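The values are calculated or read from the model by the stated rules, or taken from the named source; none is laboratory data. A quick note: this is a predicted structure, and the numbers were derived from the prediction, not measured. We place every Cβ from the backbone using ideal geometry, glycine too, and count neighbours over all the protein chains shown.
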């Protein structure tokens with residue numbers, strides 16, 4: 001088996017005296033969708049921020065594409081091929097759709113390549129192309145999520161970390177967003193780490209998953225194994241083991 005694209009090996013993170021992540025080990029393979037599940041205050045967002053270099057690991061190691069990135073800056077990690085779609089989308093509301101997309105390429109110097117990718121994003125996201133001169137703050141929630149994803153792709157990543165991409169969206173838009181993530185993963189071969197509270201949604205498009213509980217990995221397995229596990233059904237799907 002080839003080495004994973006991303007590996008966290010027994011990572012510890014502290015917020016002052018608080019031990020936020022305790023020996024967290026996860027892997028994401030090239031072109032794979034992996035779900036990181038957990039409730040509020042479980043450590044999901046802390047894990048994502050640690051992968052992006054916004055939190056510093058006090059123990060353990062993080063590697064990406066075969067290189068140790070444990071001490072690298074966020075900018076260096078983006079240049080290496082890691083991008084993020086933050087929680088609640090966080091587009092720049094007073095900038096146009098195109099300006100938001102160009103902001104995603106801030107680490108790149110190849111102007112011709114950036115122009116090509118801008119056209120590529122318009123092809124992949126026709127709704128964004130229609131609204132290219134519109135302020136991002138006037139888009140619907142689903143369109144803003146698409147914009148946040150497209151903006152992340154402008155850095156030409158090999159891995160996109162998505163923090164609760166379905167949060168605050170209607171059921172119809174949730175389905176559209178998940179279908180879009182699966183489509184772009186399939187078409188572009190980009191690996192996705194999907195940080196979610198909603199297990200059934202996240203595991204519907206993932207190949208594998210991990211469950212975080214108070215900063216520790218307490219379960220891992222294939223999407224099917226986790227969906228069939230009574231503990232997942234009771235904690236996340238509202239079903240008892242007797243059903």
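Taken over the range 186-214, the criterion of being over 24 Å from residue 176 (Cβ atoms) and modelled with pLDDT of 95 or more is satisfied by 210 alone. Any idea which residue in the range 128-142 is modelled with the highest pLDDT, counting only those that are under 21 Å from residue 175 (Cα atoms) and out of contact with any helix residue (DSSP H, G or I) (no Cβ under 6 Å at 6 or more places or on another chain)? This residue is 139. Would you confirm whether any residue within the range 71-81 is touching a helix residue (DSSP H, G or I) at 6+ places or on another chain (Cβ under 8 Å), more than 29 Å from residue 178 (Cα to Cα) and surrounded by fewer than 18 Cβ atoms within 10 Å (Cβ to Cβ)? For the range 71-81, residues touching a helix residue (DSSP H, G or I) at 6+ places or on another chain (Cβ under 8 Å), more than 29 Å from residue 178 (Cα to Cα) and surrounded by fewer than 18 Cβ atoms within 10 Å (Cβ to Cβ): present. Across the range 133-153, the qualifying residues are those that are loosely packed, with under 15 Cβ neighbours inside 10 Å and in contact with a strand residue (DSSP E or B) (Cβ under 7 Å, 6 or more places away or on another chain), and the one among them that is farthest from residue 46 (Cα to Cα) is 133. Applying the condition of being closer than 12 Å to residue 195 by Cα and surrounded by fewer than 24 Cβ atoms within 10 Å (Cβ to Cβ) to the range 45-54 and asking which residue is farthest from the chain's Cα centre (by Cα) yields 46. Just one of the listed residues (21, 102) is at negative phi, in contact (Cβ under 8 Å) with a residue 60 or more places away in the chain and either outside any loop (DSSP other than H, G, I, E, B) or under 15 Å from the mean Cα position of the chain (by Cα) (or both), namely 21. In the set 28, 24, 34, only one residue is in contact with a helix residue (DSSP H, G or I) (Cβ under 7 Å, 6 or more places away or on another chain) and crowded, with 16+ Cβ neighbours inside 10 Å; that residue is 24.
Residues satisfying the criterion are absent from the range 84-98 (criterion: over 16 Å from residue 152 (Cβ atoms), out of contact with any strand residue (DSSP E or B) (no Cβ under 8 Å at 6 or more places or on another chain) and either in a helix (DSSP H, G or I) or at pLDDT 95 or above (or both)). Quickly run through the range 33-57 and pick out the residues that are in a loop (DSSP other than H, G, I, E, B) and within 23 Å of residue 76 (Cβ to Cβ). Within the range 33-57, 52, 53, 54, 55, 56, 57 qualify.
For the range 106-118, the criterion of being within 30 Å of residue 210 (Cα to Cα), touching a residue at least 24 places away in the same chain (Cβ under 8 Å), within 21 Å of the chain's Cα centre (by Cα) and crowded, with 18+ Cβ neighbours inside 10 Å is met by no residue. When residues in the range 208-230 are screened for being surrounded by fewer than 21 Cβ atoms within 10 Å (Cβ to Cβ) and touching a helix residue (DSSP H, G or I) at 6+ places or on another chain (Cβ under 6 Å), 2 of them pass.
When the range 182-231 is filtered for residues that are without any contact (Cβ under 8 Å) to a residue 12 or more places away in the chain and under 21 Å from residue 57 (Cβ atoms), only 218 remains.
Of the residues making up the range 154-170, none is assigned to a helix (DSSP H, G or I), in contact with a strand residue (DSSP E or B) (Cβ under 6 Å, 6 or more places away or on another chain) and over 11 Å from residue 34 (Cα atoms).
In the range 58-70, the qualifying residues are those that are touching a residue at least 40 places away in the same chain (Cβ under 8 Å) and either within 19 Å of the chain's Cα centre (by Cα) or outside any strand (DSSP E or B) (or both), and the one that is surrounded by the most Cβ atoms within 10 Å (Cβ to Cβ) is 64.
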